[in-house]
Amino acid sequence: MRADHAVEVAVLGAGQAGLSAAYFLRRAGLDGRSGFVVLDHAKRPGGAWQYRWPSLRFDKVHGLHELPGLALGTPDPHRPASEVVTEYFDRYERTFDLPVRRPLDVRAVRYADDERGAFVVETPAETWLANGIVNATGTWDRPFWPHYPGQGDFRGRQLHTADFSGADEFRGKHVVVVGGGSSAVQQLLEIAPVAAGTTWVTRTPPVFRDAEFTPEYGREVVAQVDARVRQGKPPRSVVSVTGLMLTPQVRAAREAGILDRRPMFERITPRGVVWPDGREQAADVILWATGFRAALDHLAPLGLREPGGGVRMDGTRVVAEPRVHLVGYGPSASTVGASRAGRSAVRALLAELGRTELGRPRR
């Protein structure tokens with residue numbers, strides 16, 4: 001199969017994991033002509049961070065682990081996190097002269113021939129022939145919307161946390177927030193002061209963690225997620241393993257009754273939500289803070305998924321196809337894990353392709 005370009009490695013996605021992989025490919029001696037390319041669908045640098053709601057200040061995020069080789073510096077903590085990270089990622093791309101091409105939507109990755117040789121990466125405008133793939137497409141493009149009876153009859157507004165742009169649009173309204181993750185809590189704390197009322201609903205009781213997040217605990221969390229993906233199961237959400245951090249702001253919200261959680265409702269009515277015991281809560285808005293799924297549909301032609309929908313992994317390597325590495329997936333779906341995953345993925349992939357760490361073919 002002919003292609004417009006040929007490279008050794010194609011990196012898909014320019015978020016934290018993708019940029020980390022690109023950095024280590026550059027350090028390995030691959031250039032930006034025939035060595036590797038980074039294909040990103042966004043119009044500007046920043047990964048998923050650029051889409052975070054404007055009122056999310058940098059000092060309210062759980063932390064951003066620095067990318068390898070370049071310090072973040074000391075940004076104004078009161079600036080929007082989306083601006084801080086976008087500027088940092090842009091500076092990173094320019095500092096290391098990373099070959100990022102955007103905006104380009106990767107529609108499919110398939111084998112170039114029946115012998116399962118090189119890969120062809122397809123975008124609407126161009127194609128790339130590559131010997132290896134580092135997939136770093138994250139989850140932002142796959143917001144998860146659960147389905148409940150009566151959902152289509154609700155007369156108010158429904159939106160996903162990915163569409164949240166600030167609390168002002170909910171002023172004077174009753175908002176039902178669905179979800180037990182950190183985004184649900186952050187958005188609920190912003191909405192509560194201006195809304196007529198809020199109701200927090202989660203599928204399972206939230207677990208608040210008051211202890212320090214130590215490196216040892218971090219490794220324990222990573223190990224739990226890693227065990228699932230090694231079995232080919234879909235990875236669990238991070239908060240389902242770590243719990244919610246009990247910050248002073250969260251503690252105050254619990255004391256004020258803002259984080260008084262209710263179990264999941266049974267159905268949705270035109271006016272609100274109803275629980276199995278018949279209790280009903282009128283609502284103007286339902287905010288689905290129900291997380292995201294891994295954006296892997298473009299890899300479907302390679303047949304990597306297990307029957308349960310997950311991808312069997314060994315570190316960042318896909319067991320069914322060792323020339324494909326997933327970074328920002330499973331145990332590396334965190335700011336710390338993503339940067340580390342970039343290094344290990346590049347090292348393993350270059351070895352699989354028969355290259356030394358200097359990017360030269362082995363003799």
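Nothing in this text is a laboratory measurement; each read-out follows from the coordinates by a stated rule. Nothing here was measured: the structure is a model prediction, and the numbers come from that model. All Cβ positions, even for glycine, are placed from backbone atoms using ideal geometry, and neighbour counts span all protein chains on display.
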Taking the dipole about the Cα centre of the stretch 73-168, with the C-beta of Lys and Arg at +1 and of Asp and Glu at -1, give me whichever of ALA130, GLY150, TYR92 is farthest to the positive side.
GLY150
Leaving out same-chain residues fewer than 8 places away, which lysines sit with a Cα under 20 Å from that of LYS173?
none
How big is the charge dipole of the stretch 67-185 about its Cα centre, in debye rounded to the nearest 20, if each Lys and Arg gets +1 on its Cβ and each Asp and Glu gets -1 on its Cβ?
420 debye
Once the dipole of the chain is set up with Lys and Arg at +1 and Asp and Glu at -1 on Cβ about the Cα centre, which of HIS41, LEU350, PHE58 lies farthest towards its positive end?
LEU350
Whole-Hz Karplus couplings 3J(HN,Hα) for the stretch 53-60, θ = phi - 60° and coefficients 6.51, -1.76, 1.60, Gly and Pro as x, run 4, x, 7, 7, 6, 4, 6, 9
Spelling it out for PHE292: with amide H atoms placed in the peptide plane at 1.01 Å from N, the residues 5 or more places away or on another chain with amide H under 5 Å from its amide H are PHE144
For the stretch 116-219, the dipole about the Cα centre with charges only on Cβ (Lys and Arg +1, Asp and Glu -1), to the nearest 20 debye, works out at 320 debye
